[in-house]
Each structure stands twice: as structure tokens, then as C-alpha cells.
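The values are calculated or read from the model by the stated rules, or taken from the named source; none is laboratory data. Owing to the predicted nature of the structure, the values given are computational and were not obtained by experimental measurement. Backbone-built Cβ (ideal geometry, glycine too); neighbour counts: all protein chains shown. Side chains included, ligands, DNA and RNA excluded: accessible areas come from the protein's heavy atoms. Shrake-Rupley method; radii C 1.70, N 1.55, O 1.52, S 1.80 Å.
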Amino acid sequence: MHMFEYLQPRTAIEAEALLLANEEARAISGGMSLLPAMKLRLAAPSHLIDLSGIEEMRGTSVDDNVLTIGAMTRHAEVARSSVVRQAIPGLAALASGIGDRQVRNRGTIGGSIANSDPAACYPASVLGLGATVMTPRRRIAADDFFVGVFETALEPGELVTHIAFPIPERSAYVKFQQPASRFALVGVLVSRSRDGTVRVAVTGASSHVFRVPSLEQALAAEFTPGAVENIAIDTEELNSDIHGDADYRAHLIPVLTARAVDLASKPDAVGKI
Amino acid sequence: MGTMTSKRESGTVPNGIGRSVKRTEDARFLLGKGRYTDDLRIPGQAYIYVVRSPHAHANITSLDASEAKSASGVVDVLIGSDYLDDGLGTLPCIWQVRNKNGSVMAEPARYPVAVDRVRYVGDAVAVVIAETLDQAKDAADLIVVEYEPLAAVVAGPDAIMPQAPIVHNDAPGNLCFDWEIGNRAATEDAFSRAHHITRLDVINSRIVPNPMEPRSVVAIYDDIADEYTLHTSTQNPHLVRSLLCKSVLRIPEHKVRVVSADVGGGFGVKCHLYPEEVLLTWAARRCGRPVRWTADRSETFLSDAHARDHVTHGELALDSDGTFLGLRVSTVANLGAYLSTWSASIPTYASAPNLAGQYTTPAIYAEVKGVFTNTVPVDAYRGAGRPEANYIVERLIDAAAREMGLDRVEIRRRNLVPSAAMPYATPLGPVYDSGDFRKCLDMAAGNADYEGLAERKQDALRRGKLLGLGVSCYIEACGVSPSRANGISGGRIGGFEMAEIRFNPDGSATVFSGTHSHGQGHETVFAQIVTDKLGVPFESVMLVQGDTARIAFGHGTVGSRSAAVGGSAIVVAGERIVAKGKRIAAHIMEVDVEDVHFEDGEFRSRGTNKVMTIAEIAHAAYLPINYPLDQMDPGLDEICFYDPTNFTFPNGTQICELEIDPQTGHVELKRFVVADDFGRILNPMIVHGQVHGGIAQGVGQALLETVVYDADSGQLLTGSFMDYAMPRSCDLPSFEVSYHEDSPCTHNPLGVKGCGEAGTIGAATAVMNAVLDAMSSVGVDHMDMPASPSRVWRALRAATSKLPRPTASASATAGNGNQVGNAHGE
């Protein structure tokens, strides 16, 4: 690991100023991706701006049918939060399946979505639930937030402070694990809003999380597993690697979507795998 | 995890043989207080960073380390030309295999640091020594190496193609050896008489052992005494010393002390002399500083010996009733870029002689080509050759049963060597001293409810799953090894083991053993033996291991040998203690030595009430006032070098039951049932632990682990745990382990056979046979390891029309294994 300077701001505005003042500075939240990269000398920031002391970026609340989660909230906190479990239990369950216990105790929701790892779970929830990403400067719709491999709409120095999730009528996330990393080889989040809008977000399969309109339309018409079973997915944009080629991922997307629909349709499915 | 057998423990002595004594060593391990090599802090120490080749195959056209040498904190930078200038030697292979024509194998030079050419990604090219590891890494970036890349070859069969790139100029055709065993003519005759011949091509995949503790080395040179101390995480300190001194650095052995303290797992990968051990010992003297190095996990992937990597064609000849008539096996074994310490022996003598398995197959012939490639050297890993033998034999049997319409368990039963035939000489040399193979098979088949299989398959189909059950009957030559057997087969190493029991004046006993526990529990089990045999309280026995300065000699721990050979040495040393104790007791009690007998730690004289405890005898031996000094030396300290007369043959049956989700290809293990014969059991709890861990590693190879090299560039694509899939607890069912003790080893005093590798030897085969059983119902009859989801799905896709679908009543999410579902519904 290379040497760096460590700074701990108390507000998001202060953190943004520090990031803008130092070109090679990086914000660190849970550090579950950045620290390994630094140890492997793949990242060498001049400054680490530690966000853990920023109180305004923590915690969960529900207001007007919207669940808001502070960006510095740890996966384990989301997983066991009674607020989250009551509002969007599928989201709490998603958080409980990220990484391992150690990762969940360190990793944060804001860090995960700002990192936009192609195989991370949280991006699927943000996109699949139609959330809004909040920064000190603006509100960014989920559909505009994830733009590429480890790339988001965030501008230099811009921090995610909160994520606002509209509470759906029902939702479920199903992850098929890559055998080695146990990240999502393919992960699918399905939601149906109170007005009947269906969103299907897929992670792990491409450069970044994406929606699948053909599956959404089919499920809007009929929210059953059978509605998506025979829908073919175009392989062109899908990843191929030693754990699965694009054909396999394309096959898994409707399979997992059907399972997520099935899971979301079961009133007693919460907490069961 | 797992269930303990309900069988009553056999031992009667508290903390003695046969008791599940809790492990002495666990207190420090569980509290994080183990003393590992990397924990050492030596005053004046410097850090070493090894610069490794980024190319699979290249000539080094220039190497400029001048800027690195003057970088901040750098002590020195050593390169291949420095090594040559010092006139030092190369790393040897300790087995010299002969070709079919009687000539010896090719042994190209293996320098610890490249001298002109690199032959795999990870080959060492420079050693940076600095005050801190970060400084060493910073300086490494300043070393300018110019490479002339050469074409690389990574797969064994590709390496022996006519146009293949040549890895070593002195190994034409990349051939290290072309070896054979068995009676070719008799086997061909058996095939000519066969009713049916089953042919099968299998790949035994390449894996990285990955013990939890990475390799770690600390080297110290004392220039006043001209002595070296090498702390290294090895399974075999005396071997490291011998090879390092004699073959490589040419230092007298008494000038080098090798210490291997607590070691966090070995599995065979730490029983070799490694380049880093040479480089650090050399560097410690060159720069006059203690030096240290610990592999990071990326280096583990690039520098620990890999394992398996066999491409094998097998043929089984059968009679019309399924009787095995003959077996032919032809293997290309990928040895990697250089010969590692044991590597030539692994696919040959450690593997092929086991091809008879548990069966009466009368004619067997095997040939093995060992080939060089531009990959990490390949060597021993848990089972070392025997899993490969088991895999081809048991896969062939299942294939034969399918082809002939015979039941898999029944065809095995028909061919098992009956217990009445013991001792049984197999056609390839091994002579099984004992074993009741039928008993283990019946136990396992019964416990696994083999009879109810068809019903369970139907139930799984209703749930949209393909259920399969796989059987693997294994036997392994363990308890390595009779020294003569080593010598006959080209070994340049003995196979005996040393034990010394040193009583202290207070009656406590220190046991010195040349074996090495790196997780096995020797501190506990060896103390159990001494307690049982000599009546010394368990707490009054201490084990010393892993230090060439304290232990006379040893062959470390490999090949399930510690109990069978190391434990036997302790027993014999104990017998010598008792023999001397009797003479001391006879003198003090003033009786004839013939009238003294020893039991439960006490010397008693027949016909009198005279009794002395062994502690009193020890006291008398160290305070020899009333003592037969005219007949014997004072002291109570006996040593035994035990050379076994035969291998031991642990055996048993493993049965795996699993379900495949045809929609995703995910394989979920449902049950894993084993019945083992390890001879006498010294500590049931530890035996269970060994079996559990062994199964996990076999399952890992079958379902998850595999090394992938890019065929063109020779780059290692699975160089971290992000891409190399290790088995985890959630991948495994609760193991159902049982054993019988009715066929003890006949030729060692403990009757033990060894249990360290058994789990691994049978498990990969049982899993793959189960995978194929599940898939054969839809027409898939072949698959190589690993049975990963995408590979299983791809194999099944060819048979899509036959795939089951869940019935309406069964849930689409019933059983999801790898899949994690999280729902929200109102």
C-alpha cells in the first residue's frame, strides 16, 4: 500500500470540498472495494476522505411512502433495521445476502452504489425499485445513475448522501452466485408498484445494472412466473467470463426473474430462501 | 458439521488410545496464539519481495537493477547472475523415474531465480531486500527487465504435439519421462477375451491447494558461528535441510537449523523445497541481515505447487457378468515448468500402483507421460496420485455398469477382493495386508438408503430436480513408506520415521518426533499413545516437532504417515523404555528381570508386593545411586528409527447424493455418507475431522475449484479467490461418517492405517459419479470436473427436451442452493 493522507470531515459539504481540493483524493466509506485495491497497489489515492464521521449520512426513515436510507448505513444495519424490514423487507433481505458477515459490518449502501460494481447487489435494488439518489447538489433518478463499469452519473467530488426508495406493493431479489467470488453471476430484482408498474433490474450480467423492458411488459400484463419463462434475452451486451458465457447469463435472467416473481407473490416468503 | 458415529469408543485408558481427547493445541490456535513463521520478529530483519515473471515463456534479454539498488531503504537486489556467480546449485527432484526403455527421466535445471529465461508466470526473476516491504515493492517497480516473449504451452497434451514450444532445451518434446507399469501382454490378452470394453477419457483438473496460512520464510545467518537458521512453514524440516544443504547451497548440514513451528495447513503443498527457501538462506548471508518473506495470496497462486492435472484415457475389460478382466490406463501428466521436489513420483509411483483399487482385476497396465509446460510446477496435494487413480477406476466402473445395464453397487460387489483373500497381492505390486471392502460398501450403501434411491429420484423429478447418487470405493497406499520400496522405484529419500521418548527426572516425558503436525493434532494423539502405553499422565507428555536442532531426523508428515509410521516409532521407543525400566526395577526390587512386568505405568514383580511407578524409575535413572551402573547407562531416553515393512491400505466407500437444478445447472449436495476402514482409531474426534476436511477438498475439486490458464498467453486467469472457487461450509451437507475397526493393519504395532487423505481420495469421484447419475437420465453421460453451474447447464442443454419441469404443485423456488432469494410481498 502506498502512503496517503487521512482526513475525517464531519459534513457532506466539507467532504465534497476536500475531494475537490485534492485531485487524487478518494472518498472511503466501508472500504470493502477500495482497501483491497490499495493493498494490491491498484489504487493509490493521495488522500482518503473518511465519510464515517458524517452523522447526516446515516440512518433510515419512512415518510410519505418513501424509505430513505443514509449512504453510510452499513449492510448489516439495513439487514436488521426494523424500519427497512417493515417497509421493503426484500431490501433488508438483499442486504443480508451481500458478501459475508465481515463485509456486511463494514460495507455501506452509498459506497456500493457509488462504486457501481457490475456484480454488486445494491444497484439492482436502486434501479429495480426506482429509487432516487440524493447528493448535496441534486437528486438523480436511478435510471440516470448507473452509466458504465464502475461508472455513475456522479460528478467529480459529488457524494451520495441518501437513497430514497418508493415503497412498492411487492418486490423480491434473487441472486445466482458466481461460484468463486459469490457476487451475483446474475441477480434480478423485480418490483411492482401500487399503481401496477413493474420494474426488472439485472445485475452481474453486463457492464452495469440494467432494466429489461420485455420482462417488465410481460409482468405488467400478468405478474406470474409463467409470464416470463419463454422470453429470450439478447446476448449482445452480456458478459462472458470463465464462470458463465453470455448465453448462460441470458438464460438465467428470465429463470431468476420468474423465481423472483414467485417469491414476491408469496405473502409468507419473507425471510425464507 | 456432521454426525459422529454412535459406535462406542474403543479405548479404556483415560486419555488413551481410542478416546476422543480434546486437542491440546486448540487452545492456542483458537485464541489466535499460534506461533507461525510470519509471527517472528528478528532484530535487524529486512523484508524480501520477489519480482516474478509476467510472461509465461520469455528470454530475459537484459535486467537492470541499478536504480532499484539505490532506492530508499533498499539493502540489495539479487538476480540470477549473482546466483551463478556464487556457484550455487539447482533444486532437485527426489524421485528419479525411468522411461520404458530403462533410461532415466530428463531433469532440467531449476534455479531458484531465473538465469536467462522464464518459464511460467510467477517464475522468480529478482529478489529485492529492503527495510520495509513497501520499500521493497517500490524498488521492484524500478527494476527494468527486458523480455523477449516466446510461444507458451500450458496443457499437457499440447506440450507433446510435434510443433509445441520447447520449455527446456534438454527435455526434447517436453517429455520428462515416458513410464509404464504392469504386464502389457497379459492385459492385452485380457482385453482380447473381453465380452465388453468400456472406454473413457477424463481430465483430472488442475487445482491450487491453498492452505489457510501462506508460505512464509525467515532466514538468519550467524557470521560468527557460520551457522544458518531457517524458519519456514514446511511439513518436512529435515527434507528442506538435506536438499538445501546438499544439492543447492552446498553447506554442511550441521551448519543449518531448519525450524517449522506452527503451520496453518499443508495438504502436501508444503512438503517441498521451494525457491524462496533457497533465496532467503542465500540472501541472509549475502547481505548479513535476517530476511523475511511471506507469500501474499496472489503469490500463493503463482508460486505454490499446483496439483493433479492429468489427462487420462482408461479402458476396462469385462466378462459378460461384469467381472473385471483387465484395465488399461494411459495418462499425460502436466508437471509444470520445472520438476518440483516430489513431482515425478506423484503421477507414477504414488498413483498407478493403486489402480487395482478394491478389485480383483487380474491384469493391469498403465503408462504415464510426464510433460513440461509453461505453468506453475505441479506436485503433491492431499492424496497425491491416489485420487487420480481412484477417479479413473471408479468412473470407468460406473460407465461400464451403465453400458451393461448392471447395478453400480452390484458390479462393485462382484469384483471386490474378499477379506478372506488377505493378504492380497495386486498385479501392480502393492500387497494389501488387511481389509473388509464388502463391509464398508454394505455399511455405506445401507446408511445411504441405496435401496430407496429410485423413489427419491421420482420425488426430485416432481420438484423439477435431477437427483443422482454416486459411489466411490477407494483404497490408498499410505503410511509412507518402506525405504526399500522408495529405493526400488527411484526414490532418493528414506521412508522411516524417528521417535525419541525422553523421560525427565520428575517422570514427565518429552516426545521428539520427525513427523510434523500442521493441523492434524499430533500433540494430542502422540500424548495419547504415550499415556496408553507407558501410563504417563496425558498432561505430563509434551511433543517436540519441527526443529532439526532438537530432533534427530525425520521425514515429516505426508502420505497419511504420522500415526502409522511416526506413531509406531513412538510405540517401539516406548517398548525400549519399558525394557530398560524393567532392568532398573529388577535391580532396585532385587528380583530377576524376567519376573518384572509392566502395566498401567507400574513395574511389578510377580509373587511379591513390590511395585515402582515409571516416574520412580525415571527418578532412579537420573539419580543413579541404587542403580545397575555396571550394566547400563543412567538416564531414561530411548530412540527408534522405525522403517515400515509395508504400506498401509486405508479403504472405504463414499456415497454422495445430490440434486441438480436443471434450470440453472446448480448442484446441491444432499447427503454425503462414508464408511471407512482406517484400522485402529486413535482419536475418533480427530479422525472425523480429518474425514470432513478431506471430503470438503474433494468436493471442492469436483464442483468448484479449477485452474484456468489462457491457452495462448499462458496467463493464469484464476489468480485469486475472486475467480478460483474454494468450497465453503454452505456448499457442504452434514457428513455421515462411520467406520469399522475389524481389519487392523497387520504389520505395525498400533494397527493403524491412516486417515489424513481418505476423504479427498474418494470424494471427488463420488460427487462426479453422482452428477453423472443425475444427468444420465436425460442422456448426458460424460462431464469433466468441475461440475460448475454453467458447465452442467451447458451439458444439459443438449438434452433440453428431456429436462424435467416442476409440476404445478411444486414451487418454482423449491431448493435454490446457490441462489439466494429475498422477497417482499404484502
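Let me spell it out: the conditions are (1) in a helix (DSSP H, G or I); (2) under 25 Å from B:N183 (Cβ atoms); (3) not basic (K, R), and B:G452 meets all of them except one. Which number is the exception?
Of everything listed in (1) in a helix (DSSP H, G or I); (2) under 25 Å from B:N183 (Cβ atoms); (3) not basic (K, R), B:G452 misses just condition (2).
Which one is farthest from the other protein chains (Cβ to nearest Cβ), of the residues in segment A:84-106 that are outside any helix (DSSP H, G or I) and of a type in the set (G, A, S)?
From segment A:84-106, those outside any helix (DSSP H, G or I) are A:88, A:97-100; that's our starting set.
If we keep only those that are of a type in the set (G, A, S) as well, we get A:97, A:99.
On the way: A:G97: 4, A:G99: 12 Å.
Filtering segment A:84-106 for residues that are outside any helix (DSSP H, G or I) and of a type in the set (G, A, S), the one farthest from the other protein chains (Cβ to nearest Cβ) comes out as A:G99.
Condition check ((1) over 24 Å from B:S562 (Cβ atoms); (2) more than 23 Å from the chain's Cα centre (by Cα)) across all residues:
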position	(1), (2)
B:N626	yes, yes
B:D630	yes, yes
B:L636	yes, yes
B:I639	no, yes
B:P644	no, no
B:G652	no, no
B:E657	yes, yes
B:P662	yes, yes
B:E668	yes, yes
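Against the condition under 30 Å from B:D138 (Cβ atoms) and hydrophobic (A, V, I, L, M, F, W, C), how does A:A25 come out, does it pass?
Values: under 30 Å from B:D138 (Cβ atoms): yes; hydrophobic (A, V, I, L, M, F, W, C): yes.
Answer is yes for this residue.
Kindly check whether there is at least one residue in segment B:602-610 that is hydrophobic (A, V, I, L, M, F, W, C) and open to solvent by 10 Å² or more (accessible area, probe 1.4 Å).
no
Would you call A:N105 touching a residue at least 60 places away in the same chain (Cβ under 8 Å) and open to solvent by 40 Å² or more (accessible area, probe 1.4 Å)? Show your work before the answer.
Numbers: touching a residue at least 60 places away in the same chain (Cβ under 8 Å): no; open to solvent by 40 Å² or more (accessible area, probe 1.4 Å): yes.
So A:N105 does not fit the description; no.
Condition test on B:T294, is it polar (S, T, N, Q) and open to solvent by 10 Å² or more (accessible area, probe 1.4 Å)? Spell out the reasoning first.
Working: polar (S, T, N, Q): yes; open to solvent by 10 Å² or more (accessible area, probe 1.4 Å): yes.
The answer is yes for B:T294.
Results for (1) open to solvent by 30 Å² or more (accessible area, probe 1.4 Å); (2) at pLDDT 95 or above; (3) assigned to a loop (DSSP other than H, G, I, E, B), shown as yes or no for each residue.
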site: A:P118; (1), (2), (3): no, yes, yes
site: A:S125; (1), (2), (3): no, yes, no
site: A:P136; (1), (2), (3): yes, yes, yes
site: A:E155; (1), (2), (3): yes, yes, yes
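Among B:E276, B:E367, which is the only one that is modelled with pLDDT of 95 or more, open to solvent by less than 10 Å² (accessible area, probe 1.4 Å) and at negative phi? Before you say what the answer is, go through the steps one by one.
On the way: B:E367 fails: open to solvent by less than 10 Å² (accessible area, probe 1.4 Å).
Exactly one residue qualifies, and that residue is B:E276.
Only one of these conditions is not met by B:D398: (1) touching a Lys or Arg at 6+ places or on another chain (Cβ under 8 Å); (2) open to solvent by less than 40 Å² (accessible area, probe 1.4 Å); (3) more than 25 Å from B:T312 (Cβ to Cβ). Which number is it?
(3)
Right, A:M32: within 14 Å of another protein chain (Cβ to nearest Cβ) and free of Cβ contacts under 8 Å to residues at least 40 places away in the same chain or not?
Numbers: within 14 Å of another protein chain (Cβ to nearest Cβ): yes; free of Cβ contacts under 8 Å to residues at least 40 places away in the same chain: no.
It is false that A:M32 is within 14 Å of another protein chain (Cβ to nearest Cβ) and free of Cβ contacts under 8 Å to residues at least 40 places away in the same chain.
Going through B:L355, B:L339 one at a time, which residue ends up being part of a loop (DSSP other than H, G, I, E, B), touching a Leu at 6+ places or on another chain (Cβ under 9 Å), of a type in the set (A, V, I, L, M) and at pLDDT 95 or above? Break it down stepwise before answering.
Values: B:L355 fails: part of a loop (DSSP other than H, G, I, E, B).
Going through B:L355, B:L339 in turn, the sole match is B:L339.
Scan segment B:499-537 for residues that are open to solvent by 30 Å² or more (accessible area, probe 1.4 Å) and under 21 Å from B:H619 (Cβ atoms) and jot them down. Lay out the reasoning, then the answer.
So the first thing to find is which residues in segment B:499-537 are open to solvent by 30 Å² or more (accessible area, probe 1.4 Å), and the list is B:502, B:504-506, B:519-520, B:523, B:532-533, B:535, B:537.
If the condition is that a residue be open to solvent by 30 Å² or more (accessible area, probe 1.4 Å) and under 21 Å from B:H619 (Cβ atoms), then B:R502, B:N504, B:P505, B:D506, B:K533, B:G535, B:P537 are the ones that fit.
For residues in segment B:16-56 being assigned to a loop (DSSP other than H, G, I, E, B) and polar (S, T, N, Q), which is farthest from B:V258 (Cα to Cα)? It would help to see each step written out before you state the result.
Going through segment B:16-56, the residues assigned to a loop (DSSP other than H, G, I, E, B) turn out to be B:16-25, B:31-35, B:40-45, B:53-56.
This time we only want the ones that are polar (S, T, N, Q), so: B:20, B:24, B:45, B:53.
Details: B:S20: 32, B:T24: 24, B:Q45: 18, B:S53: 29 Å.
My answer is B:S20.
Could you grab me the full set of residues in segment B:409-435 that are open to solvent by less than 20 Å² (accessible area, probe 1.4 Å) and either more than 27 Å from the chain's Cα centre (by Cα) or among the acidic types (D, E) (or both)?
Across segment B:409-435, the qualifying residues are B:V409, B:I411, B:N415, B:D433.
With under 30 Å from B:H518 (Cβ atoms) and modelled with pLDDT under 95 as the only criterion, which of B:P92, B:P14, B:P43 stands out?
Numbers: B:P92 fails: modelled with pLDDT under 95; B:P43 fails: modelled with pLDDT under 95.
Selected residue: B:P14, the only one of B:P92, B:P14, B:P43 that is under 30 Å from B:H518 (Cβ atoms) and modelled with pLDDT under 95.
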